[in-house]
1. For Ser462, Ser67, Ser211, which order do you get if you count the other beta carbons within 10 Å of each Cβ and list the fewest first?
2. With angles folded into 0 to 90 degrees, how steeply does helix 250-270 sit against the dominant principal axis of the chain? Use alpha carbons for both and round to 10.
3. Go ahead and collect, in residue order, the members of segment 98-115 whose backbone nitrogen is under 17 Å from a label point 7 Å along the Cα-Cβ direction of Asp169.
4. Please enumerate, by chain and number, the lysines with C-alpha under 21 Å from the C-alpha of Lys269, excluding those fewer than 8 residues away in the same chain.
5. If you take the charge dipole of the chain about its Cα centre, with +1 on Lys and Arg Cβ and -1 on Asp and Glu Cβ, which of Asn470, Ile114, Leu386 is farthest toward its positive end?
6. To test your reading of the geometry: what angle, between 0 and 90 degrees and rounded to tens, separates the Cα axis of helix 90-100 from the longest principal axis of the chain?
7. Evaluate the distance, in nm, between pseudo-label points positioned 7 Å from the Cα of Arg149 and of Glu375 along their respective Cα→Cβ axes.
8. Between Phe436 and Glu286, what FRET efficiency comes out of the Förster formula 1/(1 + (r/R0)^6) with R0 = 35 Å and r the beta carbon distance, rounded to 0.05?
Amino acid sequence: MVSTQNYIATYVGVKILEQGGNAFDAAIGISAVLSVVMPHTSGLGGDGFLLAKTPEGIIAYNASGWSPKRLNVEKIPSVRDPSTVVIPGLVDLWDFVYRQYMTMDLSEVLRPAISLAANGFYVGRELAKVISKSNNMPRSWSEIFEGKRMGDILKLRELSEVLKIISKDPKDFYESKLTEEIVNGLNSQGVNVELSDFADFKGEVVKPLKSSYRGYTLYELPPNSQGITTLESLKMAEIQETWKLRFDDTKRVKELVNIFILAYEDRNKFVTDPRFYYPEEDLLSEERLKRRLSSYSASEMKMNTKDTTFFVVSDGENEVGFIQSLFFPFGSGITVKNIVFNNRGYGFTEGHNKPEPRKRPLHTLSILMAEKDDESLIIGCAGGDLRPQIHTQVLQYYVDYGLEIDDAVYYPRFVFLGDRIFHEKRMNLPFQELDFFTNEVGVVQALKRKKDIYIGVADPRSEGVALPAN
C-alpha cells in the first residue's frame, strides 16, 4: 500500500513494490519523485525524518540539518535571509536507508525521478498556485520557476545530473566535487557555509518518544522535533476527557485550544537540539500535565502553516512513515543546480533555541504512530506548526468517535492559529469559517494495519492518492 501527496509519486512507489522492492526501496523512490515534482515542499536542499515499524522493531531517524559553523547572528533577520539555510539532511536519510534496509539497486530506484527531472513533468495545481504567490524571490529561483502555470512542462536537468551522482553513492552529496560546486553556489548567494559543514554532517538514529492515549501506545519523534507536543496534547485531552463531548461541540474545541496553548508553550520553552539542551523534567508525566492543566495561559503565539510532504508505504512486513520539507514554500528560494535550499534556520528563536553554530533548530516535522493489540496506525501531514493539532484531531476521530481511518482523515478539522480559531464549514462552530475541504487545515496521509489488512488514506484536500500494490 502506498499513499502520497502526489499521484506520480504514488504510482512510482507501487511500481517499485510490484517489481519486488520492499517498503524502504519504495520510500526512497517516492521521496526522490516528490523532490522533483513538488519542489515547493521538499527536496535535496531540505531535510527528512523517518518512523518505521519492522519485524525487528520500530526505527526512527532524524536527518534534520544543522546550521553552518560560521553562523554568527543572534537572531535570524527574515524568513528568506541566507542565514536561514541549514545543511540539508534528506540525502543523508536516503544514504541511511540505502545502506541498512534497501534490497534494490539505488540507481534503479532513483531512475523515475531522474527521468522526470531530465525530460520534464506537468506543473500540478498546488505547485502552480505556490509559484504564483511567490514574490521577491532570488534570481536563481526565478530563472527556473517564475511564470510557470498549471499544465506547463518543467524540466530540471541539473537536478537530474545531481540525482545520477547520488544514485552511485549518496555520500557524494556531502563530500565530493559536487559538494564544492554546491558550496560555491551557496556562498555566491550569501550563505556563509563551508565544505566541512557538509562533510561533517550526519543524521542519527533516535529513540522514539513513547506515551499512551485511551488504550493505544503512541510513538513520536523526539526533540528537536515537536513530536512531544502531539503527545502532550493527547495526554492532556485524555485527562480532561474531551471525548465525552460531541466532536463539534464548542466547549470541546475551546478545551482543546487551551490544551494546545499549554503544549506549545512547553514546546517553545523546552524543545531544541538535544545536544545543546534537554529538559531534566519528564514533560509527558501525567502528574506534571495535570499541574499544567490547572495553569491556563493566555500566551500570544504565532503559528506557521507551511509546506511539507508526508507519505506512508507498506510491503506487508514493514510500515514506513516518511516526512520531508524545506519549511516555507520553496524554503529560502536560494537555488543551486536546480536544488531549492531550505530556510529551516528560521525555526531558531531565543533562549534554549537561539541560533548557534552547528545546531539544529526546533523542528516542526513529526510523525505519529499508534498501536493496540493487532492494529497499528501511522499518521502524518503537511501542516507546519499546526501538525500536533492535526495529528491529535485525526487520532481522536479514530479512537474517540469510532471512525475508520479514512473517515478520520476526511472529517472536518479546526485549527488554532495563535490568535484565532478557523474551521472547515462542515463544523457547526461560532468561529471563522474556511472552505468545506481546504489544505489550510493540513494535508494528511495515513496507514492502518489490522492483522494483515491494510488501509491507505490520501487526504482529499490535496492531489494525492492511495493505491494498493498487487
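1. On the way: Ser462 24, Ser67 27, Ser211 20.
Taking fewest neighbouring Cβ atoms as first place, the list is Ser211, Ser462, Ser67.
2. So the inclination is approximately 50 degrees.
3. Under 17 Å, as judged by backbone N against the label point of Asp169, lie 98-100, 106-107 of segment 98-115.
4. Qualifying lysines at Cα under 21 Å: Lys75, Lys210, Lys235, Lys290, Lys302, Lys354, Lys359.
5. Leu386
6. Taking the Cα atoms of the chain, the angle to 90-100 is about 90 degrees.
7. Roughly 4.7 nm, to one decimal.
8. Numbers: r = 38 Å, r/R0 = 1.08.
Efficiency at R0 = 35 Å is approximately 0.40.
Each value in this text was obtained by applying a stated rule to the coordinates, not by laboratory testing. Remember, it's a predicted structure, so these values are computed and weren't measured experimentally. Neighbour counts are summed over all protein chains in view; Cβ atoms, including those assigned to glycine, are modelled from backbone coordinates with ideal geometry.
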